[in-house]
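Asker: Sending over a structure as structure tokens; questions will come in a sec.
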Amino acid sequence: PSLNNDIVGAMHFTETGHVANPYSVSHAFETYLRKSGATILKEEVTDIKYTDDDVTVYSGNRETSADLTIIAAGAFSKKLASQCNIKAPLETERGYHIHMADIQADFTMPIASYERKIIMTPMSDGLRATGIVEFGGLNMPPRNKNFDTIRHHVAGLVPDFDTQNASTWMGFRPSLPDHLPAIGFTDPQKRIMCAYGHQHLGLTLAGVTGKLVNKLVTGEAPDIDLSHFDPNRFS
């Protein structure tokens with residue numbers, strides 16, 4: 001429904017899923033963690049120092065020491081890893097999206113255009129269209145022409161949808177050269193663990209990675225061979 005009649009064919013991928021509100025999912029995780037006794041600090045980590053005995057994380061005016069520190073900061077993990085003498089050739093694939101809060105699409109699943117290289121996803125609070133892959137680091141401001149490009153392609157797919165009032169967003173995808181994440185301990189004392197570099201599949205692989213990290217922390221054998229994901233493989 002709503003799609004341009006010029007579209008003459010499509011493939012239906014079954015057994016897939018999407019999250020209708022990623023923020024609500026994150027908030028639910030935070031609520032569960034707090035109820036389970038976790039302490040969540042929303043601070044910028046400025047430095048990490050570790051010895052054979054412990055790891056000290058510096059954030060703001062705070063020093064926090066622990067037996068184990070897990071670096072799982074997505075695209076922001078490169079600086080933290082380097083402070084722990086871990087070589088992480090992590091690059092940032094910047095992605096863009098526009099969000100049309102006033103549009104309730106009459107299709108119920110994400111629609112990806114092979115030719116236009118964008119994906120439209122119905123959300124609980126509107127329609128979101130995403131696309132673009134751009135190597136731009138963490139500091140360069142968003143390029144407005146990329147938002148215009150997405151608007152152009154949405155208009156080509158669903159001409160009746162108004163994209164001019166859409167909000168815009170740009171985010172960072174953490175990518176490593178071999179397209180594999182870094183998961184595992186980095187030192188013989190098992191004081192530092194990494195869990196980053198999931199590229200475009202962060203949400204998809206978050207649960208799997210969480211289970212693997214949990215097994216490593218508790219001393220259980222992982223379900224898969226993690227040697228391919230060794231954080232030290234670039235050293």
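The values are calculated or read from the model by the stated rules, or taken from the named source; none is laboratory data. None of these values were measured; they are calculated from a predicted model. For neighbour counting, all protein chains shown are included, and Cβ atoms are generated from backbone atoms with ideal geometry for every residue, glycine included. Ligands, DNA and RNA are stripped out before the accessible areas are found, and what is left, the full protein with its side chains, is counted by its heavy atoms. Shrake-Rupley method; radii C 1.70, N 1.55, O 1.52, S 1.80 Å.
Asker: If a residue has to be over 20 Å from the mean Cα position of the chain (by Cα) and under 23 Å from E134 (Cβ atoms) to count, how many in segment 83-108 make the cut?
Answerer: So the answer is 1.
Asker: I've got another one for you. If you go through segment 38-51 one residue at a time, do you hit one that is open to solvent by 50 Å² or more (accessible area, probe 1.4 Å) and at pLDDT 95 or above?
Answerer: no
Asker: Something else: Go through segment 3-37 and count every residue that is among the hydroxyl-bearing types (S, T, Y) and surrounded by 10 or more Cβ atoms within 10 Å (Cβ to Cβ).
Answerer: 5
Asker: When you check A75 against the structure, is it within 26 Å of N144 (Cβ to Cβ) and assigned to a loop (DSSP other than H, G, I, E, B), yes or no?
Answerer: Numbers: within 26 Å of N144 (Cβ to Cβ): yes; assigned to a loop (DSSP other than H, G, I, E, B): no.
In short, no.
Asker: Does segment 55-68 hold any residues that are assigned to a strand (DSSP E or B) and among the polar types (S, T, N, Q), and which are they?
Answerer: Those that are assigned to a strand (DSSP E or B) and among the polar types (S, T, N, Q): T56, S59, T64, S65.
Asker: Let me ask you something else. Output the residues belonging to segment 63-72 that are open to solvent by 100 Å² or more (accessible area, probe 1.4 Å) and free of Cβ contacts under 8 Å to residues at least 40 places away in the same chain. Working first, answer last.
Answerer: Here is the first cut: in segment 63-72, the ones open to solvent by 100 Å² or more (accessible area, probe 1.4 Å) are 63, 67.
Of everything in segment 63-72, just one residue is open to solvent by 100 Å² or more (accessible area, probe 1.4 Å) and free of Cβ contacts under 8 Å to residues at least 40 places away in the same chain, namely E63.
For (1) within 22 Å of Y196 (Cα to Cα); (2) part of a loop (DSSP other than H, G, I, E, B), each residue gets a yes or a no:
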site: N4; (1), (2): no, yes
site: E15; (1), (2): no, yes
site: A28; (1), (2): yes, no
site: A38; (1), (2): yes, yes
site: E43; (1), (2): yes, yes
site: T46; (1), (2): yes, no
site: D53; (1), (2): no, yes
site: I70; (1), (2): yes, no
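Asker: Which of the following residues is surrounded by fewer than 19 Cβ atoms within 10 Å (Cβ to Cβ), hydrophobic (A, V, I, L, M, F, W, C) and closer than 21 Å to S26 by Cβ: L180, L226, L203, L212?
Answerer: L203 is the lone residue from the list that is surrounded by fewer than 19 Cβ atoms within 10 Å (Cβ to Cβ), hydrophobic (A, V, I, L, M, F, W, C) and closer than 21 Å to S26 by Cβ.
Asker: Counting just the residues of segment 78-87 that are open to solvent by less than 20 Å² (accessible area, probe 1.4 Å) and assigned to a loop (DSSP other than H, G, I, E, B), which one comes out modelled with the highest pLDDT?
Answerer: Checked segment 78-87; the qualifying residue modelled with the highest pLDDT is I86.
Quick grid of which residues meet (1) under 22 Å from H200 (Cα atoms); (2) touching a strand residue (DSSP E or B) at 6+ places or on another chain (Cβ under 7 Å):
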site	(1), (2)
D6	no, no
T14	yes, no
N21	yes, yes
I48	no, yes
T64	no, yes
N85	no, no
I98	yes, yes
I118	yes, yes
